[in-house]
Each structure stands twice: as structure tokens, then as C-alpha cells.
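One structure is given here, and the rest of the page talks about it.
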Amino acid sequence: MTDVVIAHVSDLHLDLSERATRRALAVMNHLRDMPGPVDAVLVSGDIADHATADEYAQARELFELPYPVLVLPGNHDRRGPFRAGLLGAAPDDGELNRLVRLPGAVFLLCDSTVPGSDEGLLSDPTLRWLDETLAAEGGELPVFVCFHHPPVDLHTPHVDRVRQFGEERLAAVLERHPQVVALLCGHAHAAAATTFAGRPLLVAPGVISTVPLPFEGRPAVDQELPPALAFHVLDGRRRLVTHYRALGSVT
């Protein structure tokens, strides 16, 4: 098995403003200009800021990259407009859970959003879908489970109060499926790495802004730090290494 390289982007909060556009372009141009190869670009939610059709149209243009782009919703997205604008599907409000199978890995894109709330939760139907899909996939390919909300405290109060709750239910599912090599998420607007249910839990930094730790003495939401992204590299032994990159002085 050759290396699988995943570029991981999150929390663009596109609102058609010049600032949000400039920061998103910095990240997308960085990906577009790399010699590569990249096997997939994961965008783990809060793609639009107000979930309007125009915001998703802008996102669709930005995501025209020479690599597969995998998208899932965050708490600022709405399922109907997201489906219509990014997936070209009928705009219904059902949960957005999708399987994407690429040559070197499987991605299970889970909907952790709760309509009308900033908090996250994997519903019983989503957990049932995850469990059944993992069982059907078997263990031939490594699996990444992806969602927006981190299911643990990250020691950033601004984020922890609206993280993913009910996480013990997710842990029980993962315990049955050893082919899951990592969990990938966003929402925190900060690069972070920890573990969950014995797997790496890797949080992408924010594109639009950064949420510092409380002891850093910076604003609760820092608009000045540059946009950033993660690169996850999975080798043939299923060892995962993550690199984080901040992109200069874009504000």
C-alpha cells in the first residue's frame, strides 16, 4: 500500500466578504499550486456562514481542485442548501451521511449537526448507519471517520460548550471496528491532536479565524492569526502522521 495523503481544511465561514474570500483563496491556491499528489481534500464543515445559495456557489468554485474534495456540514451549514449547493442533490433536510471510497482509504462522512443548535450530536440513525457501514466494509481498507464537532473537551471553553455530546455511544461503535484508523473533525478553529476510543482524533485549524487557548492571553476569537490547514499522511503500515501548516500573514 502506498501512502495516502489527505489535506484537511475546516471552518471557512464563507459570507461573500472580501476577507473570508481572501483567506479561503490562500488555502485553496496553496493546494492547487502544490506538485502533489494529494489523494483527497477533506473540508470538515462550516463551509458557509449563513447557508445561502450564493455562499455555496462560491464554495463550489473554490473547491475546483485537481483532487477529490470531500465535504460535510457544520453547525453554520444547513442540510437542504448544502445538498443543493455542494452535492447537486434535491434540497431535503435529512441527515447528511456519506461513504466515499478512494483507492487507498474509505471516508465515512458523518453529520454531527443538530438543526437550530451549535452543539453537535451523532443521532441514533447516524450511529446505526456508521456501525452498519463499517461492518459492510470489512477491514481491507483503512477507514477515516469524519464529522464537524470534536467529541472531547479541547480545553477551549469557547468551543467545549458546543462540542459533540453523547460521545460514549460513538466510542461503543468504534470498539467493534478496528479498521478505523483516525477521527477527523473541525469546529474548534484550532489545530489540535488527541485520542478518542484508542484512535487519533485530529482537529483541523480554522481558515476564517483561530480560537486561542485561554492562557495565551489573546482574544477569545483571534482574527489576526493566519489561515491554516492539516496534512494527514497514512503509510502502508497504517501509521498516521499529521503536519499543520499556517499560510503566512493573510488577514
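Read-outs: derived from the displayed coordinates by stated rules, not from any lab. This is a predicted model, so every value here is computed, not measured. Don't worry about glycine lacking a Cβ; one is built from the backbone with ideal geometry, like all the others, and counts go over all protein chains shown.
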Quote the convex hull volume per residue of the stretch 146-251, based on C-alpha atoms, as a whole number of Å³.
97 Å³
D (Stokes-Einstein, µm²/s), Kirkwood Cα radius, the stretch 4-246, 1.002 mPa s at 20 °C:
120 µm²/s
Need one number: the % of Cα-Cα pairs in the stretch 1-119 sitting beyond the 23 Å mark.
29 percent
Taking GluC sites (Glu not before Pro) in a DSSP loop with at most 14 other Cβ atoms within 10 angstrom as exposed, one finds the longest site-free stretch of the chain at 65-139
Report the trypsin sites (Lys or Arg not before Pro) located in the stretch 113-171 that are in a DSSP loop and have at most 15 other Cβ atoms inside 10 Å of their Cβ, or state none.
Arg161
Would you mind giving the average projected area, over all directions, of the Cα convex hull of the stretch 93-202 in nm² with one decimal?
6.8 nm²
Hey, what number do you get for the chain at 222 nm if only DSSP H runs of n ≥ 4 count, each worth -39500 (n - 2.57), divided across all residues, to the nearest 500?
-6500 deg cm²/dmol
Assertion target for Ile6, Ile208, ordered by fewest C-beta neighbours within 10 angstrom first, is Ile208, Ile6
Using the crude model of +1 on Lys and Arg Cβ and -1 on Asp and Glu Cβ, and no other charge, please compute the dipole size for the stretch 4-246 relative to its Cα centre, in debye to 20.
620 debye
Taking amide H positions as placed in the peptide plane 1.01 Å from N, state which residues far from His76 in sequence (5 or more) or on other chains have amide H under 5 Å from it.
Asp46
